[in-house]
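> One structure, as structure tokens, below. Some questions next.
The values are calculated or read from the model by the stated rules, or taken from the named source; none is laboratory data. Just so it is clear, the structure is predicted and the values come from calculations on it, not from any experiment. Here the Cβ is made from the backbone with ideal geometry for all residues, glycine too, and neighbour counts use every protein chain on show.
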Amino acid sequence: MLTSLRIPHCLNRLKVLLVLSCPLLEDMTLDCGAPALHYRGSLIPMEFAAPLKLTKLSVELLPCHSALGFIFNELPATLLRLEMLSLSCTQLEGVDSVSRLSKCRSLHHLILNWTISDSARGTTDILDLGCLLEAAPSMEKLELHMVMDHFLHKRYRQEDGELRSLPSCPHSHLSLVHISGFIGEKDQLELALHIIHNATVLEALKIDPWPRTANPVRARVKSENRLANGRSVALAFLCKDDHRSVVSVLEDVGE
Ligand SMILES: *[C@@H]1O[C@H](CO)[C@@H](O)[C@H](O)[C@H]1NC(C)=O
Ligand SMILES: *[C@@H]1O[C@H](CO)[C@@H](O)[C@H](O)[C@H]1NC(C)=O
């Protein structure tokens, strides 16, 4: 029944705050100084007052919201010391162009669990995530777990046209990248290439056709065809640009 959550005092011994089952919650104002917050629910206004202790934020947005929209527009600007962000969301509509690129300067580790529904696929461009390199200049570890839940799957082939590229954005911290749900579609490949070329200290790029998020996934997401396409596109187009031998394409399927 909770509709408003306000914690105005610093609670020194509180380490983690979990807000998981408050479907009626409309706003949250936290000044409790907890270093970690895990929130599951719909997108509501969240306010965090100083001192800025929050370093770890995990958000499962229900029912759906644009991932980029959240990071760039809703992620509270006061989270100046945020080091780890884990975000789970389902994209039902296309992404609005990212108007205001606010920087997450302290972010070291980003986990993005991104389900792209059939209705959003036509207007969602995965290469847009390339702007994260610019937005999170200290990021060391990136995990992108995609669930591509659309009917018309098309693997990239050379005759499908030139691959697009984004403006150069050298990144000098990103060393570990794990991309799962990689089924060899053109924009997925373009994003992976952007990372290979621009992450100057990259040590490992794990390409994993299997969808790894905890979301319930439907049969078509895991179809053999998609997994095989993901592997063959990665081997054909990524590995040849992998001059530092950082790419590994995961073979095993299943959890
Ligand atoms: C960054 O990636 C783009 C592809 O999106 C590529 O065209 C560009 O050359 C890369 N930058 C560097 C410094 O390699
Ligand atoms: C995202 O998925 C990973 C891998 O399944 C999981 O460990 C993590 O908790 C998920 N994050 C959120 C916010 O749901």
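> In the stretch 115-134, which residues are without any contact (Cβ under 8 Å) to a residue 60 or more places away in the chain and among the hydrophobic types (A, V, I, L, M, F, W, C)?
Matches in the stretch 115-134: ILE116, ALA120.
> Right, next: From the set of residues in the stretch 89-135 that are polar (S, T, N, Q) and within 22 Å of LEU163 (Cβ to Cβ), which is modelled with the highest pLDDT?
Restricting to residues being polar (S, T, N, Q) and within 22 Å of LEU163 (Cβ to Cβ), the top hit is THR124.
> Within the stretch 63-81, track down each residue that is away from ligand 2 (no atom under 14 Å from the Cβ) and of a type in the set (A, V, I, L, M, F, W, C).
LEU68, PHE72, ALA77, LEU79, LEU80
> Against the definition (among the charged types (D, E, K, R), within 23 Å of ARG81 (Cα to Cα) and out of contact with any helix residue (DSSP H, G or I) (no Cβ under 8 Å at 6 or more places or on another chain)), how does GLU143 come out, yes or no?
yes
> Determine if the stretch 135-142 includes at least one residue that is assigned to a helix (DSSP H, G or I) and touching a residue at least 40 places away in the same chain (Cβ under 8 Å).
Within the stretch 135-142 (the criterion being assigned to a helix (DSSP H, G or I) and touching a residue at least 40 places away in the same chain (Cβ under 8 Å)), the answer is yes, since at least one residue qualifies.
> Taking strands (runs of 3 or more DSSP E) that do not extend beyond the stretch 1-92, which have at least 2 residues that are without any contact (Cβ under 8 Å) to a residue 60 or more places away in the chain and within 29 Å of PRO137 (Cβ to Cβ)?
Qualifying strands (runs of 3 or more DSSP E): 16-19, 27-30, 36-41, 46-48, 56-61, 84-91.
> Is it true that some residue in the stretch 121-131 is within 16 Å of ligand 2 (Cβ to nearest atom), outside any loop (DSSP other than H, G, I, E, B) and closer than 23 Å to HIS65 by Cβ? Walk me through how you get there before you give the answer.
Of the residues in the stretch 121-131, the ones within 16 Å of ligand 2 (Cβ to nearest atom) are 129.
When the remaining residues are screened for being outside any loop (DSSP other than H, G, I, E, B), the result is 129.
Filter again for closer than 23 Å to HIS65 by Cβ, leaving 129.
Checked against the condition, which is being within 16 Å of ligand 2 (Cβ to nearest atom), outside any loop (DSSP other than H, G, I, E, B) and closer than 23 Å to HIS65 by Cβ, the stretch 121-131 yields at least one hit.
> Return a yes/no flag: does the stretch 208-216 have any residue that is away from ligand 2 (no atom under 16 Å from the Cβ) and either more than 22 Å from THR90 (Cβ to Cβ) or part of a loop (DSSP other than H, G, I, E, B) (or both).
no
> While we're here: Based on what the data block shows, is PHE182 more than 16 Å from ligand 1 (Cβ to nearest atom), farther than 21 Å from ILE207 by Cβ and of a type in the set (Phe, Trp, Tyr)?
no
> If I filter the stretch 229-241 for residues that are under 20 Å from the mean Cα position of the chain (by Cα) and of a type outside the set (Asp, Glu), do I get at least one hit? First the steps, then the outcome.
Taking the stretch 229-241 and keeping what is under 20 Å from the mean Cα position of the chain (by Cα), we get 230, 234.
Those still in the list that are of a type outside the set (Asp, Glu) too: 230, 234.
Yes, some residue in the stretch 229-241 is under 20 Å from the mean Cα position of the chain (by Cα) and of a type outside the set (Asp, Glu).
> Shifting gears a bit: Mind checking which residues of the stretch 120-164 are hydroxyl-bearing (Ser, Thr, Tyr) and within 16 Å of ligand 1 (Cβ to nearest atom)?
Residue satisfying the conditions is TYR156 alone.
> What is the residue count in the stretch 179-204 for residues that are surrounded by fewer than 19 Cβ atoms within 10 Å (Cβ to Cβ) and either within 16 Å of ligand 2 (Cβ to nearest atom) or farther than 27 Å from GLU224 by Cα (or both)?
Residues flagged as surrounded by fewer than 19 Cβ atoms within 10 Å (Cβ to Cβ) and either within 16 Å of ligand 2 (Cβ to nearest atom) or farther than 27 Å from GLU224 by Cα (or both) within the stretch 179-204 amount to 4.
> Another question about this same structure. Take the residues in the stretch 22-71 that are more than 23 Å from the chain's Cα centre (by Cα) and within 22 Å of ASN113 (Cα to Cα); name whichever of them is surrounded by the fewest Cβ atoms within 10 Å (Cβ to Cβ).
Looking at residues that are more than 23 Å from the chain's Cα centre (by Cα) and within 22 Å of ASN113 (Cα to Cα), I get PRO23.
> Determine whether SER175 is of a type in the set (S, T, N, Q), buried (at least 16 other Cβ atoms within 10 Å of the Cβ) and in contact with a His (Cβ under 8 Å, 6 or more places away or on another chain).
When the stated conditions are applied, SER175 does not pass them.
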